[in-house]
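Enquirer: One structure follows; several queries about it will come next.
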Amino acid sequence: MGEANRKVHLNVFLRATGHHAGAWRHEDAHPELELDIDYLGQLARIAERGKLDSIFLADGYAGGGSKLEPFTLLSALASVTEHIGLIATVGTVYNDPFHVARQFASLDHISGGRAGWNIVTGAGSAAHNFSRDEHPEHAERYETGEEFVEVVKQLWDSWEDDALIFDKKAGKLVDSSKVHEINFKGHTYVVKGPLNIPRPPQGYPVLVQAGSSEQGKELAAKTAEVIFTAQQTFDAGREFYSDVKGRLAKYGRSADELVILPGLAPIVADTEAEARELEEELHSFVDTKRALDGLSERFTVNLNDYALDAPVPLDKAKPAEEFNGIRSRQEVILDAARREGFTIRQLLYRSNGGHGHITFTGSVLQTADLIEKWFLNHAADGFNVLPQLFPTGLEIFVDKVIPELQNRGLFRTEYEGATLRESLGLRRPANTRHLQQSI
């Protein structure tokens with residue numbers, strides 16, 4: 001796509017009450033509706049009203065919380081929306097490739113080609129829930145995850161696009177010569193195939209990745225079509241963007257085949273003063289001691305032992321390889337603290353508001369200015385938007401920020417097509433098995 005035709009891409013990270021740690025206590029939030037499909041459908045329709053590319057659901061297999069399983073929820077949301085993409089997080093450690101291939105193919109068929117897979121290897125252990133003794137190490141998770149994705153893609157390709165023929169006269173529903181075993185034999189997986197559902201409408205659901213470690217960046221350059229990342233500063237965003245886009249050529253890919261979306265957690269109001277007032281209110285709902293205890297997992301000391309306005313003790317930070325959570329997020333958070341000279345209070349507020357993503361508080365025009373700056377200067381292709389308060393934060397973004405971006409010629413006024421790939425400007429992948437057989 002030419003530079004003049006580039007448009008901002010926007011995904012919204014769906015959450016019932018908001019991405020600020022104190023959001024659920026705000027009078028506008030509805031924590032009691034976290035499992036209410038009518039309410040969640042309302043949020044999806046608000047996002048679609050704004051012509052956003054997609055909605056995204058995070059997921060995991062351990063810990064407490066109250067949220068619906070992604071495939072179930074997104075299948076329901078597909079029935080009350082028409083254009084918006086539906087991206088589910090599914091980990092490779094505690095799943096089987098056949099199940100995942102079948103589930104995503106089903107979601108893509110149900111939604112008419114709007115499914116996306118956020119591929120994660122699983123930063124946190126859930127071994128105790130899956131009859132396992134321990135969680136795999138980082139390097140092993142990536143190696144196995146790459147093989148897992150390859151099996152899933154081959155299963156999607158086990159049906160040629162025209163395998164369904166519905167020939168009533170001949171009495172044939174399927175041309176069996178166009179449905180193939182894959183006979184995959186790898187280091188971890190041995191899968192015969194074929195899949196028991198036809199190839200997805202998009203060929204493959206859009207492949208999304210969220211890792212930003214060195215291995216994550218290389219895997220994204222090789223296989224991902226969208227990357228959710230967490231650079232917190234403009235300079236870090238430009239460096240990451242240039243780094244990952246620069247790796248594409250060695251895999252025979254062009255720059256527009258990978259859409260880079262940093263997380264942006266905005267608090268937006270008509271004026272900056274109103275936005276600041278809301279920000280302070282949300283911070284007041286957070287238990288500071290407990291929040292600092294959580295942040296202290298990234299350090300060898302407890303941050304509660306320091307003054308809130310003291311500098312972040314970066315010399316006490318754990319190296320990424322010693323941190324048990326998302327390693328790339330550890331690097332991003334520490335890099336931002338180092339670049340911006342954070343105090344502990346500033347680090348806490350950044351953590352409160354966006355899980356380590358960009359937090360921004362300001363007016364509608366200021367929010368549009370930030371998006372425009374990152375986009376035009378190749379620090380991002382758009383953003384993974386994490387409103388800090390739902391539903392009002394999503395509503396003001398859709399009803400005020402989106403029109404401002406449209407006025408600047410930066411964002412679509414209508415959807416480009418029926419599928420998520422069309423919205424993102426991504427080609428539909430050819431069936432690799434069929435291509436190999438044709439050579």
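Enquirer: Expressed as a whole percentage, what fraction of the accessible surface of the chain belongs to carbon and sulfur atoms when a 1.4 Å probe is rolled over the protein heavy atoms?
Expert: About 49 percent, which is the carbon plus sulfur part of the accessible surface.
Enquirer: Taking springs between alpha-carbon atoms closer than 10 angstrom, which of LEU52, LEU207, LEU295 fluctuates most in the Gaussian network model of the chain?
Expert: LEU295
Enquirer: Right, here's the next one. For region 346-439, rounded, prolate or oblate, judged on the Cα gyration tensor with a ≥ b ≥ c (square roots of eigenvalues), a/c < 1.5 rounded, else prolate if a/b > b/c?
Expert: prolate
Enquirer: Could you give the accessible area per residue of the chain, probe 1.4 Å, as a whole number in Å²?
Expert: That works out to 44 Å² for each residue.
Enquirer: Next question. Report, to the nearest 10°, how far helix 37-49 tilts away from the longest principal axis of the Cα atoms in the chain, using its own Cα long axis and a range of 0 to 90°.
Expert: Orientation of helix 37-49: about 90 degrees from the principal axis.
Enquirer: Given 0.36 nm per residue, what is the gain on full extension from GLU280 to GLU137 after removing their alpha carbon distance, in nm?
Expert: Full-extension gain reported as 47.5 nm.
Enquirer: On full extension of the chain, what length is gained from ARG45 through ASN377, given 0.36 nm per residue of separation minus the C-alpha to C-alpha distance?
Expert: 116.4 nm
Enquirer: Quote the relative contact order of the chain in percent (integer), defining contacts as alpha-carbon pairs under 8 Å separated by 6+ residues.
Expert: Reported as a whole number, the value is 24 percent.
Enquirer: Could you tell me whether region 1-101 comes out rounded, prolate or oblate from its Cα gyration tensor? Rule is a ≥ b ≥ c as square roots of the eigenvalues, rounded for a/c under 1.5, then prolate if a/b exceeds b/c, otherwise oblate.
Expert: It comes out oblate by the Cα gyration axes.
Enquirer: By the gyration tensor of its Cα atoms, with a ≥ b ≥ c the square roots of the eigenvalues, what is the shape of region 249-288: rounded for a/c under 1.5, prolate for a/b over b/c, or oblate?
Expert: Oblate shape, in that a/c is at least 1.5 and b/c is the bigger or equal ratio.
Enquirer: Could you sort 425-431, 43-49 so that the peptide with the highest average Cβ count within 10 Å comes first and the rest follow in order?
Expert: Listed from highest to lowest mean packing, they are 43-49, 425-431.
Enquirer: Taking the 0 to 90 degree range and rounding to the nearest ten, how far is the long axis of helix 272-284 tilted relative to the main principal axis of the chain, both from C-alpha atoms?
Expert: For helix 272-284, the angle is close to 90 degrees.
Enquirer: Cα centroid distance between region 1-66 and region 163-221, in Å?
Expert: 29 Å
Enquirer: Once both axes come from the Cα atoms, what is the angle between helix 97-111 and the longest principal axis of the chain, in degrees from 0 to 90, rounded to 10?
Expert: Taking the Cα atoms of the chain, the angle to 97-111 is about 90 degrees.
Enquirer: Using a cut-off of 12 Å between alpha-carbon atoms, which aspartates and glutamates can reach LYS51, once sequence neighbours fewer than 8 places away in the same chain are excluded?
Expert: Output for LYS51: GLU82, ASP399, GLU414, GLU416.
Enquirer: Mind scanning LYS7/LYS67; LYS217/LYS318; LYS7/LYS245; LYS67/LYS153 and naming the pairs with a C-alpha gap bigger than 26 Å?
Expert: Violating the 26 Å limit, Cα to Cα: LYS7/LYS67; LYS67/LYS153.
The values are calculated or read from the model by the stated rules, or taken from the named source; none is laboratory data. Just so it is clear, the structure is predicted and the values come from calculations on it, not from any experiment. All Cβ positions, even for glycine, are placed from backbone atoms using ideal geometry, and neighbour counts span all protein chains on display. Note: accessible area is taken over every heavy atom of the protein model, side chains too, but ligands, DNA and RNA are not part of it. Shrake-Rupley method; radii C 1.70, N 1.55, O 1.52, S 1.80 Å.
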